Amino acid sequence: MTGEPVLGARMGTGFKPADIGPIGMLFALSPTVRSAFERLSKYVNAVQGATSSGVFEENGDFVWSYRIVDPSMWPRRQDSEFTIAASCQLVRSCFRRGWRPIEIQLEHHAPRDASVLERIYGTPILFGQSGNRIVIAKADADRVHRAEDKSLIEILERHIGDLVNEPAADDSVREKVQALISIYLGRKPIMVANLAAELKMSTRSLQRRLSEEGVSLRDLVRQHRQTLAAHYLADRKAAPMSEVARVLGYADNTVLWRALRSWDKKEPPSSIG
């Protein structure tokens, strides 16, 4: 309607901590960029449905990841560009005005001209990724900008907990695992032991809970890959097979082709990579 191809990203540059209430204040009071994003992920996941966000380290860098997990919500370029721009703006307003990440990763294909987005984000952008991510140098993420008022932080966290009515312990493990898969696919090994540690469960307990919900980790990884593949392979010119294989966490095109054939036969892939 506006004729502005980067409307979402431009709107994100005006984002303020107060726009997300006490969660934004918690972000603003955090001593480091790392702790700010860890808290953002914890509470935003609780108040915003159909999305997943999380943090991890890769090649010595700190990474914040965000993705809409509902496959029916597509395309979602404007949402992705807005969320990443708003998150960068939070760091600039709360920590350092001229702050720049190392790299931005976006799940959608590159537009004809990405220069405006690069100026907004202040860094190079990789498109066609398995999620939307902000890559930050570890030293930058861990730099202490302020002393933390622990009493005030505790008050805010209790208040946020009351507002969001934090999920009970018996909430769907399947949904939690799906969220982690969307964050780690193509970036980190997806193994039961790793996910169990992330969820603070034993490997046996995680396997049992998934079994009780009628699924396995292999099933969930396959389903997530099928959803991604359906979108990325819809436009073969914009998504070379080698790039799709990498995004889906496969070693090469051959492994991806085998998986595609097995899906057509309604059989699970021989490996989850």
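The values are calculated or read from the model by the stated rules, or taken from the named source; none is laboratory data. Quantities reported herein were computed from a predicted structural model and do not represent experimental measurements. Virtual Cβ from ideal backbone geometry, glycine too; neighbours counted across all protein chains shown. Side chains are part of the model used for accessible areas, which takes the heavy atoms of the whole protein and leaves out ligands, DNA and RNA. Shrake-Rupley method; radii C 1.70, N 1.55, O 1.52, S 1.80 Å.
Nonpolar atom fraction for region 1-110, defined as the carbon and sulfur part of the 1.4 Å probe accessible area, stands at 56 percent.
How big is the C-alpha Rg of region 7-142 next to the rule-of-thumb value 2.2 N^0.38 Å, as a ratio? Taking the Cα Rg and dividing by 2.2 N^0.38 Å, one obtains 0.97. Spin-label model, LEU233 to LEU152: label points 7 Å out along the Cα-to-beta-carbon direction sit 5.3 nm apart.
Our analysis of region 173-264 gives Rg over Rh at 1.01, with the two radii drawn from alpha carbon positions and Rh computed by the Kirkwood formula. Here the gap between MET1 and SER262, fully extended at 0.36 nm per residue and compared with their Cα-Cα distance, gives a gain of 89.8 nm.
Candidates SER87, GLY54, ALA28 compared by Cα position along the dipole of region 7-142: farthest toward the positive end lies ALA28, with charges placed on Cβ.
For region 173-264, with all protein chains in place and a probe radius of 1.4 Å, 49% of the accessible heavy-atom surface sits on carbon or sulfur. Multiplying the residue separation of ARG119 and ARG97 by 0.36 nm and subtracting their alpha-carbon distance yields 6.5 nm.
Report the FRET efficiency, 1/(1 + (r/R0)^6), for ASP219 and LEU126, where r is their Cβ-Cβ distance and R0 is 30 Å, rounded to 0.05.
Numbers: r = 29 Å, r/R0 = 0.97.
Efficiency for this residue pair is about 0.55.
If you take the alpha carbon atoms of region 111-203 and fit the smallest convex hull around them, that volume is 194 Å³ per residue. Based on protein heavy atoms only, region 48-166 ends up with 48 Å² per residue of surface accessible to a 1.4 Å probe. In this simple spin-label model, placing a label point 7 Å from the Cα along the Cα-to-Cβ direction at both ASP79 and ASP162 gives a separation of 3.1 nm. With the convex hull of its Cα atoms as the shape, region 168-210 has an orientation-averaged projected area of 2.8 nm². A simple charge model with +1 on the Cβ of Lys and Arg, -1 on the Cβ of Asp and Glu and nothing else charged puts the dipole of the chain at about 520 debye relative to its Cα centre. Available extension along the chain between ALA110 and ALA139 is 7.5 nm, counting 0.36 nm per residue and deducting the alpha carbon span. Label sites at ASN253 and ALA50, each approximated as a point 7 angstrom past Cα along Cα to Cβ, lie 3.6 nm apart. Computing FRET efficiency as 1/(1 + (r/R0)^6) for ALA28 and LYS200, where r is the C-beta to C-beta distance and R0 is 25 Å, gives about 0.35.
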